[in-house]
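J.: Have a look at this one.
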Amino acid sequence: MMLLSDISTKGYDSFENAGYRVPKYNRKKMVTKTMESPFWIHFGAGNIFRAFQANVIEQLLNKGVLDRGLIVAEGYDYEIIDKIYHPYDNHSILVTLKTDGTVEKSVIGSVAESLVLDSENLSAFSRLQEVFRSDSLQIASFTITEKGYQLCQPNGSYRKDVMADIISGPDHISYMGKVVSLLHTRYLAGKKPIALVSMDNCSHNGSKLFDAVFTYASEWLKRGLVDSGFVTYIKNPDSVSFPWTMIDKITPRPDSSIEAMLQTDGITDSHAIITGKNTYIAPYVNAEECEYLVIEDHFPNKRPPLEQGGFLFTDRETVDKVEKMKVCTCLNPLHTALAIFGCLLDYHLISEELNNETLRKLIEGIGYREGLPVVVNPGIISPKDFLDTVLNVRLPNPFMPDTPQRIATDTSQKLAIRFGETIKAYEASKELHTYDLTLIPLVFAGWLRYLMGIDDNGNPFTLSPDPMLSLVQPYFSDIHLGDIIDVETLLAPLLSNATIWGVNLYHVGLADTVCTFFSEMIKSPGAVLNTLKKYI
């Protein structure tokens, strides 16, 4: 029997004997040095951080490239710290699931300290202020989701917690308000330089982070709650930078099969939990082997040689190109296509869909035939090589428990960027023609068919969460398979909605094609698959 919670007192030998990679550095010295001279604090203690950033630092510690580790702070779900970090002395287990069937298991010890970003927890917040006053601090990074940078409600007014912070000054109520308060602490300690690095999977993430930080500072200045120097400090890229990044690594929820694997190894305290805020988390993380983190190389207080851990450092323009390559061509469109048709064809694992010859040909065609001719080539990563890896290594990985139902979440928010940008590129091209596109309109028709909530066998299924469901789903509420309807009249309000597709489908000549495909998909049970086979 092995207990992860005993690892700090009993050592790593039993884990190493069981085939786990374990820390090879003196962890006690690392923890002491990190707490005395922190260089990197990360906000967002979830699975992507533990599987990616913490693992890269673990490798660099083992190589002797670094002698300090990470500090992590969680500002949304404090149970993560209380139940997943503290009981295990900040250790975790990374289970890397490879396409060839091998499994690599590692004990990760690179997190030296974990804290809650809670202004009511005076000791924790005081420690965070101490960290931000440190001359040695170079990086404060974030994986808090894109919503973490959004300060306003849908009507454009500030959220109540944001407004409370704005009115009262650095009063530590909202997540971002607490972060900006800590930055103000650093400013007061001598205007010390730092890089604030969003590592969230959203476009131009550094600018989103800057906008949020600057909003607080400027509003506080208007109310006389901070001096003008604080705003100047934030606006000066030589003092505070906001690099853009592109991150890509699939880290699904903890899977019960992985927990069973660890228990077979003798680890008896690796149980997954669901927190009160509905976070699925465990002492272990299951993740794919492939990972990419491309970072704009702008660090006012310098940085360690993180490129030795595989991070790619470049300029902002290249980061933007990499992000567009991934989101518009080489990964995200394929994921969305598999999500839509996976739900319709009653699949429950993305990897299983790759065994369907028709679905595989669909995403190969979207990527190679319709996407690559207009792809933005960043230079630092080959689009074809990236796409080859997606199709042959990442998506077919049978050990990655990722579902089409999860990926189908918020599809209405994804279509415009994942497919609309390709359509725009065709419209702008002199050699290519939008009317030659077949597979992208098939995906559009598939999503409209998906909104019926009836799979290809005629059985009802639950639509994944989506902010536009209440607007678009009613169009299909009274339609049944086999109904004879005026499809063009039904779909016209949707097909002309450029917010959904990124373009007005009538203006680019694709509306009729989508109508034709949709008409064929609703003829009878089995019509979705038959339509795909007909046109692929």
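The values are calculated or read from the model by the stated rules, or taken from the named source; none is laboratory data. Everything numeric in this text was worked out from a predicted model, so none of it was measured. Here the Cβ positions follow ideal geometry from the backbone for every residue, glycine too, while neighbour counts run over all protein chains shown. In case anyone asks, the SASA skips ligands and DNA or RNA and just uses the protein heavy atoms, side chains included. Shrake-Rupley method; radii C 1.70, N 1.55, O 1.52, S 1.80 Å.
J.: One residue is enough: does the stretch 261-272 have a residue meeting the conditions open to solvent by less than 20 Å² (accessible area, probe 1.4 Å), in contact with a Pro (Cβ under 7 Å, 6 or more places away or on another chain), on the phi < 0 side of the Ramachandran plot and not in a loop (DSSP other than H, G, I, E, B)?
T.: No.
J.: Would you be able to tell me the number of residues in the stretch 25-45 that are out of contact with any Phe, Trp or Tyr (no Cβ under 9 Å at 6 or more places or on another chain) and within 29 Å of LYS277 (Cα to Cα)?
T.: Looking only at that region, the number is 1.
J.: Another one. Within the stretch 81-110, which residues are open to solvent by 10 Å² or more (accessible area, probe 1.4 Å), in contact (Cβ under 8 Å) with a residue 40 or more places away in the chain and touching a Gly at 6+ places or on another chain (Cβ under 8 Å)?
T.: Selection gives LYS105 alone.
J.: Here is a follow-up. Is it the case that some residue within the stretch 194-211 is outside any loop (DSSP other than H, G, I, E, B), closer than 30 Å to ALA416 by Cα, among the hydroxyl-bearing types (Ser, Thr, Tyr) and out of contact with any Phe, Trp or Tyr (no Cβ under 8 Å at 6 or more places or on another chain)?
T.: Looking through the stretch 194-211, none of the residues is outside any loop (DSSP other than H, G, I, E, B), closer than 30 Å to ALA416 by Cα, among the hydroxyl-bearing types (Ser, Thr, Tyr) and out of contact with any Phe, Trp or Tyr (no Cβ under 8 Å at 6 or more places or on another chain).
J.: Just a yes or no: is a residue in the stretch 181-197 open to solvent by less than 10 Å² (accessible area, probe 1.4 Å), over 26 Å from the mean Cα position of the chain (by Cα) and either closer than 30 Å to PRO396 by Cα or among the basic types (Lys, Arg) (or both)?
T.: Yes, the stretch 181-197 contains a residue that is open to solvent by less than 10 Å² (accessible area, probe 1.4 Å), over 26 Å from the mean Cα position of the chain (by Cα) and either closer than 30 Å to PRO396 by Cα or among the basic types (Lys, Arg) (or both).
J.: I've got another one for you. Could you pull out every one of the strands (runs of 3 or more DSSP E) wholly within the stretch 99-156 that has 3 or more residues that are under 30 Å from LEU391 (Cβ atoms)? Outline the logic, then answer.
T.: Numbers: elements: 103-108, 111-116, 139-142.
Strands (runs of 3 or more DSSP E) meeting the threshold: 103-108.
J.: Still on this structure, please answer the following. Do any residues in the stretch 304-327 that are at pLDDT below 95 have Cβ atoms under 6 Å from those of residues that are assigned to a helix (DSSP H, G or I), where the two are at least six apart or on different chains, and which pairs are they?
T.: Pairs that qualify, where the first residue is at pLDDT below 95 and the partner is assigned to a helix (DSSP H, G or I), are VAL327/ILE417.
J.: Among the residues that make up the stretch 365-373, is at least one of them open to solvent by 50 Å² or more (accessible area, probe 1.4 Å) and free of Cβ contacts under 8 Å to residues at least 24 places away in the same chain?
T.: Yes, there is a match, as at least one residue in the stretch 365-373 is open to solvent by 50 Å² or more (accessible area, probe 1.4 Å) and free of Cβ contacts under 8 Å to residues at least 24 places away in the same chain.
J.: Okay, next question. Among the listed residues LEU4, LEU70, which satisfies the condition of being closer than 22 Å to ASN301 by Cα and crowded, with 20+ Cβ neighbours inside 10 Å? Before you say what the answer is, go through the steps one by one.
T.: Values: LEU4 fails: closer than 22 Å to ASN301 by Cα.
Just a single option satisfies the conditions, and that option is LEU70.
J.: Continuing with the same structure: Six or more apart or on different chains, Cβ under 9 Å: which pairs go from a residue in the stretch 30-47 that's at positive phi to one that's hydroxyl-bearing (Ser, Thr, Tyr)? Could you list them?
T.: Filtered contacts from the stretch 30-47: GLY44/TYR76; GLY44/SER141; GLY44/THR143; GLY44/THR145.
J.: Keeping to the stretch 391-419, report how many residues are part of a helix (DSSP H, G or I) and aromatic (Phe, Trp, Tyr).
T.: Qualifying residue count for the region: 1.
J.: For residues that are of a type in the set (Lys, Arg) and under 12 Å from SER136 (Cα atoms), scanning just the stretch 300-316, find the one that is most open to solvent (accessible area, probe 1.4 Å).
T.: LYS302
J.: Report yes if ILE57 is under 27 Å from the mean Cα position of the chain (by Cα) and open to solvent by less than 10 Å² (accessible area, probe 1.4 Å), otherwise no.
T.: yes
J.: Please report, ordered by residue number, the helices (runs of 4 or more DSSP H) entirely within the stretch 299-390 with at least 1 residues that are touching a Lys or Arg at 6+ places or on another chain (Cβ under 8 Å) and aliphatic (A, V, I, L, M).
T.: 332-344
J.: Considering (1) of a type outside the set (Ser, Thr, Tyr); (2) closer than 19 Å to LEU345 by Cα; (3) in contact with a Ser or Thr (Cβ under 6 Å, 6 or more places away or on another chain); (4) open to solvent by less than 70 Å² (accessible area, probe 1.4 Å), say which one ASN397 fails and leave the rest.
T.: Here ASN397 meets the rest and fails (2).
J.: Quick one: which of ILE167, ILE173 is part of a helix (DSSP H, G or I), surrounded by fewer than 22 Cβ atoms within 10 Å (Cβ to Cβ) and either in contact (Cβ under 8 Å) with a residue 60 or more places away in the chain or among the hydrophobic types (A, V, I, L, M, F, W, C) (or both)? Walk me through it before giving the result.
T.: Values: ILE173 fails: part of a helix (DSSP H, G or I).
Just one listed residue meets the conditions, ILE167.
J.: A further question on this structure: Checking THR275 against (1) out of contact with any strand residue (DSSP E or B) (no Cβ under 6 Å at 6 or more places or on another chain); (2) farther than 30 Å from GLU364 by Cα; (3) open to solvent by 20 Å² or more (accessible area, probe 1.4 Å), which single condition isn't satisfied?
T.: Of (1) out of contact with any strand residue (DSSP E or B) (no Cβ under 6 Å at 6 or more places or on another chain); (2) farther than 30 Å from GLU364 by Cα; (3) open to solvent by 20 Å² or more (accessible area, probe 1.4 Å), only one is false for THR275: (3).
J.: Taking the stretch 400-431 as the region of interest, how many residues are open to solvent by less than 10 Å² (accessible area, probe 1.4 Å) and among the small types (Gly, Ala, Ser)?
T.: 3
J.: Also, I was wondering about something else. Filter the stretch 384-394 for residues that are open to solvent by 50 Å² or more (accessible area, probe 1.4 Å) and modelled with pLDDT of 95 or more and give the result. Can you show your working first?
T.: Here is the first cut: in the stretch 384-394, the residues open to solvent by 50 Å² or more (accessible area, probe 1.4 Å) are 384-385, 392.
Scanning the stretch 384-394 gives LYS384, ASP385.
J.: To continue, here is another question. State whether one or more residues within the stretch 281-290 are surrounded by fewer than 20 Cβ atoms within 10 Å (Cβ to Cβ), in contact with a helix residue (DSSP H, G or I) (Cβ under 7 Å, 6 or more places away or on another chain) and within 30 Å of GLY367 (Cα to Cα).
T.: Among the residues of the stretch 281-290, at least one is surrounded by fewer than 20 Cβ atoms within 10 Å (Cβ to Cβ), in contact with a helix residue (DSSP H, G or I) (Cβ under 7 Å, 6 or more places away or on another chain) and within 30 Å of GLY367 (Cα to Cα), which makes the answer yes.
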